[in-house]
1. Are any of the residues in segment 133-148 over 26 Å from Asn253 (Cα atoms), hydroxyl-bearing (Ser, Thr, Tyr), assigned to a helix (DSSP H, G or I) and within 12 Å of the chain's Cα centre (by Cα)?
2. Name the pairs whose Cβ atoms lie under 7 Å apart, with the first residue in segment 34-53 and under 17 Å from Thr89 (Cβ atoms), the second of a type in the set (S, T, N, Q) and not in a loop (DSSP other than H, G, I, E, B), and 6 or more positions between them or separate chains?
3. Could you say which residue among Ala201, Ala173 is assigned to a strand (DSSP E or B), surrounded by fewer than 21 Cβ atoms within 10 Å (Cβ to Cβ), in contact with a Ser or Thr (Cβ under 6 Å, 6 or more places away or on another chain) and at negative phi?
4. Any residue at all in segment 157-167 that's over 22 Å from Val284 (Cβ atoms), in contact (Cβ under 8 Å) with a residue 60 or more places away in the chain and surrounded by fewer than 17 Cβ atoms within 10 Å (Cβ to Cβ)?
5. Scan segment 191-218 for residues that are among the polar types (S, T, N, Q) and free of Cβ contacts under 8 Å to residues at least 24 places away in the same chain and jot them down.
6. Please determine whether any residue of segment 105-125 is at pLDDT 90 or above and exposed (fewer than 12 other Cβ atoms within 10 Å of the Cβ).
7. Kindly indicate whether Ile233 is among the aliphatic types (A, V, I, L, M), in the same structural domain as Val130 (by TED's automatic domain parsing) and out of contact with any helix residue (DSSP H, G or I) (no Cβ under 8 Å at 6 or more places or on another chain).
8. Of (1) of a type in the set (Ser, Thr, Tyr); (2) buried (at least 19 other Cβ atoms within 10 Å of the Cβ); (3) out of contact with any Lys or Arg (no Cβ under 8 Å at 6 or more places or on another chain), Thr189 satisfies all except one. Which?
Amino acid sequence: MDVQRMNNAAITLAILPADIVRILLQIMGLPIESLRLISPSWNNLVLEYLSVRDNLPPLRKVYFERLAQSNVAVVSAAWAPENDAHFLTYFRGWREDAQFGGYSSPPLNLVANYLRWSFPCNCVPIGPSVEANRHGLRLAFSRCSSIEKLGMDTPSARMMASFGRILRNVSVAKLSLRQFVLLEVDEITKLARSIKIDILAIITDDLAIMRNKEHLRAFFRDIIHTGVRQLEIWESKDKVFWIFGKDREYWDNMVAWLSCDEFTVQVVEVNAAGNGRKVQRLLVVPS
């Protein structure tokens, strides 16, 4: 096709009615990002199509790994091979990660530090490309229908807040959250309100909040009120007969007290992954 014919074809596409363009987008399917260049009207209609999550493919798994108690994280994502062309448009510059089975970002600074230069408070954020990193991730995660498995490893309270803003309104089938000490329960609740979680699994060394059973019940209630269908709490230490330093009899009494009209708490015995041993976890479900 010569240049003149190509120009004529582009002009013809540019003047198509919006309803026809919408039909064409449905027929062509993804990827369609490059079609935004045809004309301003196509740009708007492509963005309209991409804004509907039902039009988009899911991400199979996503993992946020905080590096060495810092504000920096490596983010990994995996999807079905047939969706490579779509997702690689947005996860640009990520390396193929055979161990994860997908792609991983370079280390990204996701939490701004602040320099205070007057009183009471005029704060200037410092740190490399924090907002640019957040924006890139927000765009990438806005181009999926949902996330099947989401993992977060030892995030700080501020990093969890940043994750919530990045993932806003994404539906997550299962979120696994690893925390050494379960203290940041308010931030976990805020995260559960920011994204739509079906199953929330918390893996921790120390269920510090259990020292006040009223606080523990309030935390369970807040999580169930976000729409979480199932809350699981696992002890990361390999213990068979104890849960957070207490025996089964203690927890049988505790879960009877914690359960209420809104939710039920159970102690459930399951097979540990990899070694076939039995371990126990706390399970909270709506009544």
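The values are calculated or read from the model by the stated rules, or taken from the named source; none is laboratory data. Every value quoted in this text rests on a predicted model; they were computed, and no experiment measured them. FYI the Cβ positions are ideal-geometry reconstructions off the backbone, even for glycines, and counts take in every protein chain you see.
1. no
2. Arg36/Asn43; Tyr49/Asn55
3. Ala201
4. Within segment 157-167, one or more residues are over 22 Å from Val284 (Cβ atoms), in contact (Cβ under 8 Å) with a residue 60 or more places away in the chain and surrounded by fewer than 17 Cβ atoms within 10 Å (Cβ to Cβ).
5. Asn212, the sole residue that qualifies.
6. There is at least one residue in segment 105-125 that is at pLDDT 90 or above and exposed (fewer than 12 other Cβ atoms within 10 Å of the Cβ).
7. Spelling it out, Ile233 is indeed among the aliphatic types (A, V, I, L, M), in the same structural domain as Val130 (by TED's automatic domain parsing) and out of contact with any helix residue (DSSP H, G or I) (no Cβ under 8 Å at 6 or more places or on another chain).
8. Tallying (1) of a type in the set (Ser, Thr, Tyr); (2) buried (at least 19 other Cβ atoms within 10 Å of the Cβ); (3) out of contact with any Lys or Arg (no Cβ under 8 Å at 6 or more places or on another chain), Thr189 fails exactly one: (2).
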